[in-house]
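This report concerns only the one structure given below.
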Amino acid sequence: MTDQPTLTLNDDRQIPQLGFGTWNIDPSEAAQAVSTALEAGYWLVDTAAIYKNEEGVGKGIGDWSDIFLQTKIWNESQGYDRTLKAADKCLDRLGREHVDMLLIHWPQPERGLFVDTWKALIELRDQGKAKSIGVSNFREEDLKRIVDETGVVPALNQIELHPSFQQRDMRKVHEEMGIVTQSWSPLGQGDTMNADAIKSLAEETGQSAAAIVIRWHIQHGLSVLPRSTNPDHIRDNFTALDFELTDEQMAKIDELDSADGRIGPEPGKFND
Ligand code: NAP
């Protein structure tokens, strides 16, 4: 395994803190982007059925051995039997016998199927098709419900989290429940780097604005998934492992939190 900061999951497995996001990466570009990331040193790769690029991601991984691969069950595949079938299709497209982390992409509360979907993930873990299982975009009440009904605590919750939307309440809930927090859109889809505080920290430290933001996630104990198709950015983002921010510099980024900083849908209302 590569020498990188990791977090311990509640099933005692290790997850790298720094990962590579692949949302919005065209299927034709995914293999190249993933292989550039792996060569740069990334070990964790995040995809999803809905990204339609799992085949390219699988090709980019090829025979690479140091890999922590995540994918997600899309909304229309929720329900026990559908999820079992959907997971097999993910594995086929990825060209692998198992993934390291399988997630429910959104709770979709109005469908009323996330508990059955979670039961299918438990079965998939028991079958060895997913080494660890978790969720994405789950609210506190959704997390409590699946734990109450199955006794199995998700290893991870992947949620929108960036300096403009820091999710302090959910981070506290995760800490209390023993769930790793993983940040999606960690760079605010590119916007975060334009904040004056980030720009001045970049000048002060000589690091890039993106690396500063990624470093902020890492020092907060989060797992973080920056996405890029630009090879220079992919490599630059990995330099976040090479330096440290002081407490004062971290505090300057902490100040950017905003109640209306959310970019994506509100999980309780997203029922497409
Ligand atoms: P992001 O990582 O916050 O930002 C990506 C944007 O930042 C791209 O436009 C990229 O452009 C730019 N960028 C990256 N590195 C840069 C650098 N060093 N310098 C300048 N610009 C840079 O956005 P995201 O894709 O929304 O989120 C990351 C990952 O989280 C996704 O790919 C996906 O895996 C996951 N995600 C999950 C969910 C969910 O519901 N679970 C939702 C959204 C995202 P270039 O390509 O030009 O570098």
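Summary of computed values
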read-out: Residue match in region 206-229 (condition: more than 23 Å from Glu29 (Cα to Cα), within 12 Å of the ligand (Cβ to nearest atom) and open to solvent by 40 Å² or more (accessible area, probe 1.4 Å)); value: yes
read-out: Residue list for region 62-85, filter: surrounded by 17 or more Cβ atoms within 10 Å (Cβ to Cβ) and either within 16 Å of the ligand (Cβ to nearest atom) or in a strand (DSSP E or B) (or both); value: Ile67, Phe68, Leu69, Gln70, Thr71, Lys72, Ile73, Trp74, Asn75, Ser77, Gln78
read-out: Boolean, Glu29 is surrounded by fewer than 19 Cβ atoms within 10 Å (Cβ to Cβ), of a type in the set (D, E, K, R) and closer than 23 Å to Ala210 by Cα; value: yes
read-out: Residue satisfying condition, being more than 22 Å from Glu160 (Cα to Cα) and open to solvent by 60 Å² or more (accessible area, probe 1.4 Å), within set Glu110, Glu97; value: Glu97
read-out: Failed criterion for Ser200 (all others in (1) more than 11 Å from the ligand (Cβ to nearest atom); (2) open to solvent by less than 10 Å² (accessible area, probe 1.4 Å); (3) of a type in the set (Ser, Thr, Tyr) hold); value: (2)
read-out: Residue list for region 231-252, restricted to those being within 16 Å of the ligand (Cβ to nearest atom), open to solvent by less than 60 Å² (accessible area, probe 1.4 Å) and out of contact with any His (no Cβ under 9 Å at 6 or more places or on another chain); value: Pro231, Ile234, Asp236, Asn237, Phe238, Thr239, Leu241, Phe243
read-out: Counted residues, region 120-146 - those being on the phi > 0 side of the Ramachandran plot and in contact (Cβ under 8 Å) with a residue 60 or more places away in the chain; value: 1
read-out: Residue match in region 35-56 (condition: under 18 Å from Lys131 (Cβ atoms), basic (Lys, Arg) and either open to solvent by 70 Å² or more (accessible area, probe 1.4 Å) or within 15 Å of the ligand (Cβ to nearest atom) (or both)); value: no
read-out: Exclusive hit being modelled with pLDDT under 95, touching a helix residue (DSSP H, G or I) at 6+ places or on another chain (Cβ under 9 Å) and either under 30 Å from Pro27 (Cβ atoms) or in a helix (DSSP H, G or I) (or both), set Phe270, Phe238; value: Phe270
read-out: Filter pass, Lys89 being at pLDDT 95 or above, more than 17 Å from Leu124 (Cα to Cα) and open to solvent by 60 Å² or more (accessible area, probe 1.4 Å); value: no
read-out: Long-range neighbours under 7 Å by Cβ, at least six apart or interchain, first residue under 17 Å from Asp191 (Cβ atoms) within region 243-272, second modelled with pLDDT under 95; value: none
read-out: Test result for Leu103, out of contact with any helix residue (DSSP H, G or I) (no Cβ under 6 Å at 6 or more places or on another chain), under 25 Å from Gly264 (Cβ atoms) and crowded, with 22+ Cβ neighbours inside 10 Å; value: yes
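Matching residues to (1) in contact with a Phe, Trp or Tyr (Cβ under 7 Å, 6 or more places away or on another chain); (2) of a type in the set (A, V, I, L, M, F, W, C):
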residue	(1), (2)
Ala130	no, yes
Arg145	no, no
Thr150	yes, no
Ser183	no, no
Glu204	no, no
Gln207	yes, no
Gly221	no, no
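To keep it simple, each residue is scored yes or no on (1) open to solvent by less than 30 Å² (accessible area, probe 1.4 Å); (2) within 11 Å of the ligand (Cβ to nearest atom).
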site: Val152; (1), (2): yes, no
site: Asn157; (1), (2): yes, yes
site: Met177; (1), (2): no, no
site: Leu187; (1), (2): yes, yes
site: Met193; (1), (2): no, yes
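The values are calculated or read from the model by the stated rules, or taken from the named source; none is laboratory data. Computed from a prediction, not measured in an experiment: that's the story for all the values here. Neighbour counts run over all protein chains shown; Cβ positions are idealised from the backbone, glycine included. SASA here: full protein model, heavy atoms, side chains in, ligands and nucleic acids out. Shrake-Rupley method; radii C 1.70, N 1.55, O 1.52, S 1.80 Å.
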